[in-house]
Structure formats: structure tokens, C-alpha cells
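The values are calculated or read from the model by the stated rules, or taken from the named source; none is laboratory data. Predicted model only: the values in this text are computed from it and were never measured. So basically every Cβ, Gly included, is an ideal-geometry build from the backbone, and we count neighbours across all protein chains shown.
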Amino acid sequence: MSYRVVQWGTGNVGYHSLRHLIQHPDYELVGLHVHSESKFGVDAAEIAGLEETTGVLGSNDVDALLALRPDCVLYNANGENRPWAAIEEMKKILSAGIDILSTAMIFLIYPPYADASMREPLDKAAREGNATLYISGVDPGFSGDVMPLAALQLSDQVEEILVQELIDYSSYQDPEFTGVAFGFGKPESATPVMGAPGVLTAAWGGMVQMIADRLGLELDEICESYEREYTSVAFDTPMMHVPENSCAAVRFRLEGMARGRAVIITEHVNRLRDDIAPHWPMPPEGRQGVHRCVVTGNPSVQMECFLKGFDGDYNTGGVQSTAMRMINAIPAVCQHKAGLVSTLDLPYTPTTNIVF
């Protein structure tokens, strides 16, 4: 079965989503939502850097795109910087009876955990339109749900579940969102978005709570911590220029606490150069990054995931994989009952696109 899809957004993730959609045999790209006027009326293939012509032109006419009656929308527009605008767009799509798979609004990665002010309007729109909304990615997403759930199938007498993202972000060319949010390139006196109390828990806490709920574990609280390390010399990266005495590495942890100790932990260590903060956890030698899950139990299990994009870069692989997490889930989401769903509600969603 071929699914008719509207791609929404052509930024960091949306660009790769669009490329994969155009070339995927199981999906038909029928519409493309773009924000920049320079992309209005431009063929989707040209925007995606592909040679073939699709006949699908970039547009910001929401009503016209919804009138195409696609099976679903791949919503890759930025949501975290404009949550209420994103919610209004999503409500309109869902109310029209169109399913959404999104990498934006990571606050909703586990709907039962999300703030009611965000969750309830979308749930109402989904049920009124008989549509489904699924939000996920790689991290938060795959590393914090699929990996631990797989590892836990091999263990018993579990003491701790640790999920880590350890990546050199220097080639992650997203300074406007990732760079600003993490605080890269800012002096110690600056307080970045992620340093504000509660932000990390709102964004990544859903992963922790999802695993706790699946295990039937009642958490007492989720504790958060955020640290930065600074560079004494200025340097340049593909992401950004990093001034001297500015942030060049970030480490944060969320700890799901039960009976006085941390049981479910998610941790990020992200650097802009691999010699910054060498005392923090590192990816394996010779690797740009790793997504890792360690279950300490009897037996203990460690799983590691290494991503590589078409250009050989880990960060390219990360954004491609984030896009593919949604694309591969299209059949499962389109066949699901209405409402807001999480990974716990869906079957495994492997690709069927085998090439010879």
C-alpha cells in the first residue's frame, strides 16, 4: 500500500525527511509546506537537492495542503521555539482527520507525562478528527524507549537503567536551535534555555517516565542536573564559532528516583571538540558518538548504537535517523485508533525498503 504524505518543514530534519520521502517506493509525496518565501513555488526535489522533478511545489497555503486529503503529515517544523504556534498548526491538521508523525514538540513524546495545557487541546482535536498523533525521534526517542525495552528483555533483578548520548556536536549544523538551547558559545554568565529549572525534565522526562510506567515502577521524583565546560581558546566548528571562555561542552542528567535511589537515568554529554571535558563520559575511542543503554542487573546488558549518515558523519546520521523514525512508523500510525500515542502503543516499525 502506498501512503499519501505531506511534508511539513524543510529544516534540519525536514530536509532529510523530504529526500527520503521522494525516493521511497512506499510513499507518495503530495504536498510540501515551507516557511521561507524563497521556497514558495520551488519543486520539492530542488529543495531536497535531488535532480528528478516531483511536480510538488513548496507552499505555505495550509488550507490547500489539507484539501489534498493526505493519509498523514510528517511534521518536522520547529516546535520547541514556538510551541503554541505549533500546537495550533497540529490542531488544524488533526481536526481535518489527518494523522501526524512529528519530530517536533518533544514535550509530548510520552503524552501521559506531558503538560495538560499542551496535551489536552491536541487530544481533543485528534479525537474530533478521528486522527492520530505520534511524536518521537532518536534522543529523546529511540535511545530511551526501544533500546532499554530491548535490553530489558535480556535481564532480570534490575538495579539501574542508564541511557546515554555521548556525541561530538561540532558537525551538527543547527546553531539557531541546538546551539542556543544547549548554551554553546556563551559565557558562564549566560543562562541558556536548558539551564532553566524544569526545562530538561519537560523535554526528556517523558523518556524516563515511559520506561517507569512500562515496568510498573512508581517514581518518587525526577531530578535534573546541568553542567557546562568552557574553552580557554577560541576555535571554529561547522556548527559555529566558539569564542574563548565560552561553553564548549554540556552534560545533563535526569534521574528517575524510587525508594531513595536513581533507577532510570538519561544522560547527555555533548562537546564541540573532543578534548573538552575529558573527565566526562566519552564515546568509544575512534568514534564521534554513541547512543548507549546499560542495564545493570542479573544479568547486566549493554547495548550501543552508532549512526552514520550518507556523508559518513554521525550527526548527519542522527538527523536522517530521526526523520526515518517517523517515516518508518507511517503504516502503524495510519492504522492506529485516534488519539495521542507513544512508542508503547505501536508495534515495531522496521523499514521495508530493501535495495539491490
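Things worth noting here:
- Among residues of the range 8-33 that are under 18 Å from A104 (Cα atoms), those with a Cβ under 7 angstrom from a residue that is charged (D, E, K, R), sequence gap 6+ or separate chain, pair up as T10/K39; N12/D174.
- Test for I264: is it crowded, with 16+ Cβ neighbours inside 10 Å, in the same structural domain as C223 (by TED's automatic domain parsing), closer than 25 Å to D174 by Cα and in contact (Cβ under 8 Å) with a residue 24 or more places away in the chain: no
- Test: residue in the range 219-229 that is more than 30 Å from D156 (Cβ to Cβ), of a type in the set (A, V, I, L, M) and at pLDDT 95 or above: no
- Any hit, the range 329-350, residues being outside the structural domain of R214 (by TED's automatic domain parsing), over 29 Å from I222 (Cβ atoms) and buried (at least 22 other Cβ atoms within 10 Å of the Cβ): yes
- Each residue in the range 138-180 was checked for being on the phi > 0 side of the Ramachandran plot and not polar (S, T, N, Q), and 1 of them qualify.
- Among (1) in contact with an Asp or Glu (Cβ under 6 Å, 6 or more places away or on another chain); (2) more than 20 Å from R228 (Cα to Cα), the one test that S155 misses: (1)
- The strands (runs of 3 or more DSSP E) located wholly in the range 25-129 that include 2 or more residues which are within 25 Å of D345 (Cα to Cα) and not aliphatic (A, V, I, L, M) occupy 72-75, 99-102.
- Flag: M207 does not match the condition of being at pLDDT below 95 and either under 18 Å from the mean Cα position of the chain (by Cα) or on the phi > 0 side of the Ramachandran plot (or both).
- Of all residues making up the range 132-178, the number that are in contact with a Leu (Cβ under 8 Å, 6 or more places away or on another chain), surrounded by fewer than 22 Cβ atoms within 10 Å (Cβ to Cβ) and in a strand (DSSP E or B): 0
- Apart from one condition, P299 fits all of (1) touching a residue at least 40 places away in the same chain (Cβ under 8 Å); (2) surrounded by 22 or more Cβ atoms within 10 Å (Cβ to Cβ); the exception is (2).
- Among the candidates E128, E89, residue that is more than 11 Å from the chain's Cα centre (by Cα), crowded, with 19+ Cβ neighbours inside 10 Å and under 24 Å from D63 (Cβ atoms): E89
- Reported count of residues in the range 203-228, each being surrounded by fewer than 17 Cβ atoms within 10 Å (Cβ to Cβ) and not basic (K, R), is 10.
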